[in-house]
């Protein structure tokens, strides 16, 4: 593989920084500071829990908004601005461009998530206690959020290859919400006691990306241990699924008529 | 546009924005006044189904549980001690909170207090408090403190001593439970309702929590129980005095003079006990200790 995907990735990251995307960290910092100060005043016995739940939910939500709204414009914007043509005139294959775009946004999300996790750790320290061993679960939960964002970015990029940003956003969010309800879809099929329905819902369960896998916020709040097996299984699932989606995206983009 | 024109617009904005904000604030105040009566009558909850909210939370159920728990605390806090206040939405708020996060132990523990305290301090619904803590135990069988709370409800609120003893005994078997749980189970089984047993339970409650409000309430009860114990002892001495001198003592000083006491007895807050016209010992009217109502 050539070095082109790396060059595209670095440029995508630089572009995101230039677009002041990382300014969301200020919002996150303000939310965490506000929560750290206020939570003890308005509730009972959940200071640490709120900081973890609020912090991880904010990391997830901000990351999701970034992954979707930046992801759906990754390819579309290049076509609209006609910058893609000059880029493809160089020795860059279409799939390399896509991979570069994908990893560029993923790098932005990883940097963003890392800073927010650091902020969360600071807020946790502020609410008054030294770190304990179970706090490692907070890092695991943040890692799971990043895996989730990696999948969402791949899906957004896929739609960005053939659809407008508005429709791509709609499609991506629909798949995201469906993925959260993946377990319920299968349960629903089982409840019907209809073989056909059970087969359809089971099929959907495996086809739709299961975002429920990456939900470790509750476990982090209560300091539960997350088995290492689950960490690598989730990693493998995210890698496999993202590769699958990116392969689809590359296939679509390769056939797209850019004239 | 000239620089002068820009500057004029800037100055106008500086003046206009605060004025418009003040006007908007005024109008909002009027809207609040207009809708206040309606808002007060409205139910606190739109969604009463925890499972539905859990689905709608899109994976953010732990955060939503924290928000609902805070709502429950605020709801209770706004009504505590208010005459004729009702706690109608409190069970639903606690139910939603614990459905969203079944492991939020604090919601079961404090929720049980909010529900079981008699009106106007709480909802006066010990039955619902018992249900809540039982659900808490089912979801968190490793939390001996929940057994402690359930045992307390059976003992103090329902006076169901066999159930209380059984609950403390079950809790004593949970990993990490202190030995005193077993001791309390034995004490209640042997002598449920006695001051000694009650004192042991409140002492354990005082020791097992870090929350200042619960500690304060437990300390208050401990003082009441001490006063009750003192009064029982004083009443025995008054009987002895009456048998010896064929009259009631006018004050506890008479008991000292008669050689029945080494000094004037005082309650846990330092106020001397008084002897009433009924010939029984009582707390000083200035003492803030409450007569216990077991």
**Asked** Can you tell me which residue in the range B:91-117 is farthest from the chain's Cα centre (by Cα), limited to those that are away from chain A (no Cβ under 14 Å) and crowded, with 21+ Cβ neighbours inside 10 Å?
**Response** B:96
**Item:** Leading residue by the ranking (nearest to the chain's Cα centre (by Cα)) among those in the range A:34-51 that are modelled with pLDDT under 75 and either more than 10 Å from chain B (Cβ to nearest Cβ) or part of a helix (DSSP H, G or I) (or both)
**Value:** A:36
**Message:** Give me the helices (runs of 4 or more DSSP H) completely within the range A:159-217, filtered to those with at least 1 residues that are in contact (Cβ under 8 Å) with a residue 60 or more places away in the chain, ordered by residue number.
**Reply:** A:165-180
**Prompt:** Quick check, is residue B:222 without any contact (Cβ under 8 Å) to a residue 60 or more places away in the chain and within 23 Å of the chain's Cα centre (by Cα)?
**Reply:** yes
**Prompt:** Can you pull out the residues in the range A:225-234 that are touching a helix residue (DSSP H, G or I) at 6+ places or on another chain (Cβ under 6 Å) and either assigned to a loop (DSSP other than H, G, I, E, B) or within 14 Å of chain B (Cβ to nearest Cβ) (or both)?
**Reply:** A:226
**Fill in**
All-but-one check, residue A:78 against (1) free of Cβ contacts under 8 Å to residues at least 60 places away in the same chain; (2) within 14 Å of another protein chain (Cβ to nearest Cβ); (3) part of a helix (DSSP H, G or I); (4) touching a helix residue (DSSP H, G or I) at 6+ places or on another chain (Cβ under 6 Å), failing number (2)
**Fill in**
Going through the range B:135-144 in order, the residues found to be surrounded by fewer than 16 Cβ atoms within 10 Å (Cβ to Cβ) and assigned to a helix (DSSP H, G or I) are B:138
**Request:** Please indicate, with yes or no, whether at least one residue in the range A:3-12 is farther than 30 Å from residue B:66 by Cβ and either assigned to a loop (DSSP other than H, G, I, E, B) or within 14 Å of chain B (Cβ to nearest Cβ) (or both).
**Result:** yes
**Asked** Which is within 30 Å of residue A:64 (Cα to Cα), exposed (fewer than 13 other Cβ atoms within 10 Å of the Cβ) and modelled with pLDDT under 75, of B:4, B:47?
**Response** B:47
**Complete:** Quick count over the range B:194-219, residues being away from chain A (no Cβ under 14 Å) and either surrounded by 15 or more Cβ atoms within 10 Å (Cβ to Cβ) or more than 16 Å from the chain's Cα centre (by Cα) (or both), is 15
**Prompt:** Tally time: how many residues in the range B:50-63 are more than 9 Å from chain A (Cβ to nearest Cβ), assigned to a helix (DSSP H, G or I) and surrounded by 14 or more Cβ atoms within 10 Å (Cβ to Cβ)?
**Reply:** 3
**Request:** Answer yes if at least one residue in the range A:66-85 is closer than 30 Å to residue B:106 by Cα, more than 19 Å from the chain's Cα centre (by Cα), surrounded by fewer than 14 Cβ atoms within 10 Å (Cβ to Cβ) and modelled with pLDDT under 85, and no otherwise.
**Result:** no
**Request:** For the range B:175-202, enumerate the residues that are farther than 28 Å from residue B:268 by Cα, modelled with pLDDT of 75 or more and outside any loop (DSSP other than H, G, I, E, B).
**Result:** B:182
**Prompt:** Looking only at the range A:52-63, which residues are facing chain B (nearest Cβ under 10 Å) and surrounded by 24 or more Cβ atoms within 10 Å (Cβ to Cβ)?
**Reply:** A:52, A:53, A:54, A:55, A:56, A:60
**Message:** If the requirement is being in a helix (DSSP H, G or I) and more than 17 Å from residue B:150 (Cβ to Cβ), which of these qualifies: B:121, B:67, B:113?
**Reply:** B:67
**Asked** Can you name the residue in the range A:206-215 that is in contact with a helix residue (DSSP H, G or I) (Cβ under 6 Å, 6 or more places away or on another chain) and more than 10 Å from chain B (Cβ to nearest Cβ) and, of all such residues, is surrounded by the fewest Cβ atoms within 10 Å (Cβ to Cβ)?
**Response** A:208
**Prompt:** Only one of (1) more than 20 Å from residue B:205 (Cα to Cα); (2) in contact (Cβ under 8 Å) with a residue 24 or more places away in the chain; (3) more than 14 Å from chain A (Cβ to nearest Cβ); (4) assigned to a helix (DSSP H, G or I) is not met by residue B:76, so which one is it?
**Reply:** (3)
**Prompt:** How about the range A:160-183: which of its residues are within 12 Å of chain B (Cβ to nearest Cβ) and in contact with a helix residue (DSSP H, G or I) (Cβ under 7 Å, 6 or more places away or on another chain)?
**Reply:** A:173, A:176, A:179, A:180, A:182, A:183
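The values are calculated or read from the model by the stated rules, or taken from the named source; none is laboratory data. Nothing here was measured: the structure is a model prediction, and the numbers come from that model. No Cβ is skipped: glycine too gets one built from the backbone with ideal geometry, and neighbour counts run over all protein chains shown.
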